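A short worksheet on the structure shown next.
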């Protein structure tokens, strides 16, 4: 058997094992009534800044916590900690994505009781995290205008399985050749059901709208679970 | 044996196989006197734009070609083709990095004779491509100021094995909180030998300096090979 076919076989086994465990996580999140968001995007797309803005908008209305995924540092977790909500760091030691084993191990020391919203910030990477289900309710992708409007079509898997896309750094759009029309056109081709928000963490534009949308989703889910 | 240890073992076999083949590629590039650059960076760091700028500066002085790595599209290769130099596209079909098998297979139909410079633009990803040697002479990393100055410390492997870092989109630095001093300080801690260039593809600032540096490296190498 060649190295390549061994790789393909093992990757397929790994993904299968991940999916079994993520299904278990999903049941656990559901039974504890926690709405879980798997938040992804390129390095530097502004995921942590978006989280900081969202926490300010949401924390008085929703009991929330954050899991921060990063290769080695805890820089992002330190930023979130300053916002006064529970945060826990996962270091992947060079690994390019979070997987459900990492989340499962961590939940043993991270009580979900009473939480309404858990946001998992994944490793900055537009490719690998898309393959690993973490038991989330929805996936949210950050795409900054400085990255270029060709990213959805170049990294389609990331957008295919997402529910929300946040087009970030909109205050810089005049300094780029990013076309919202082009990006949204490609995104809707890849995934017609994707909800799109434009946002600037610097000016605050779009933050209340995204926060409101997430709040409605969480409340809607709580009502379904209560029914 | 757990899924995780199987994964680790197979990944280590894959990397070993990759290194054997990349050593072969390195000998082939050397015997054909081609200077090969493995060019990496996040999605949207501006790799293709930097290439367009470099080609304009270099193509009259150096016989050059480009290999474009991308998941599915040939958008970047089409942009390079317009610059009037040979370009070939590798699609990884969702894969998160180029490896030496892909380069080897492609070289059967891509004659190196007479070439002085071959630039391989890797998949946009600050994690996985760092582990895969392609037989290159040097690695060059693009980091745009809009990504934030914490990226070197958060993704150290990418910077550890590079020879050149290009800090791109320098025309936008006033609109960000990117500190050149911070980024360069971290970069020098990770890799003291790294050559750093600041650059803007929009204004052209820094392009001649980077082109001149690469030209000198290529000529120096040619002289060593001739000696």
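Every number here is computed from the coordinates shown, using simple stated rules; none is lab data. Predicted model only: the values in this text are computed from it and were never measured. In this analysis, Cβ positions are derived from the backbone assuming ideal geometry, glycine residues included, and neighbour counts consider all displayed protein chains.
When the label point is put 7 Å from the Cα of residue B:175 along its Cα-to-beta-carbon vector, which residues of segment A:134-150 have a backbone N closer than 11 Å? Backbone N within reach: A:145-147.
Take each residue in B:68-76, count the other chain C-beta atoms within 10 Å of its C-beta, and the mean is 3. Mean partner shielding of peptide A:137-150, defined as the number of other chain Cβ atoms within 10 Å of each residue Cβ, is 3. Fewest to most neighbouring Cβ within 10 Å: what's the order for B:12, B:144, A:100? Sorted ascending by nearby Cβ count, the order is B:12, A:100, B:144.
For residue B:224, the distances from its label point to the matching points in the remaining copies are 6.1 nm, ordered from shortest, with each point set 7 Å beyond Cα toward Cβ. For segment A:8-66, the C-alpha radius of gyration divided by 2.2 N^0.38 Å, with N the number of residues, is 1.51. In nanometers and ordered shortest first, the copy-to-copy spacing of the residue B:110 label point, defined 7 Å from Cα toward Cβ, is 4.1.
Projected over all directions and averaged, the alpha-carbon convex hull of chain A occupies 13.3 nm². If one computes the Cα centroid of segment B:91-107 and of segment A:129-147, what distance in Å separates the two points? If we compute the Cα centre of each part, the gap is 25 Å.
Nearest 500 deg cm²/dmol is fine: what mean residue ellipticity at 222 nm does chain A get from its DSSP H runs of n ≥ 4 alone, each adding -39,500 (n - 2.57), divided by its residue count? Calculated from helices alone, the mean residue ellipticity at 222 nm is -13000 deg cm²/dmol. Counts of other chain beta carbons within 10 angstrom of each beta carbon in peptide B:30-42 average 1.
In nanometres and ascending order, the distances from the residue B:181 label point to those of the other copies are 4.4 (point 7 Å from Cα along Cα→Cβ). Under a GNM of chain A (C-alpha, springs under 10 Å), which listed residue has the highest mean-square fluctuation: A:34, A:166, A:62? It is A:62.
Comparing B:173, B:50, B:80 in a Gaussian network model of chain B where C-alpha atoms under 10 Å apart are linked, the largest mean-square fluctuation is found at B:173. Scattering from the C-alpha atoms of the protein assembly as shown alone, worked out with Debye: what is log10 I(q)/I(0) at q = 0.07, 0.10 1/Å? These q points yield log10 I(q)/I(0) values of -0.36, -0.73. Between A:70, A:150, A:60, the GNM of chain A built on Cα springs shorter than 10 angstrom shows A:60 fluctuating the most.
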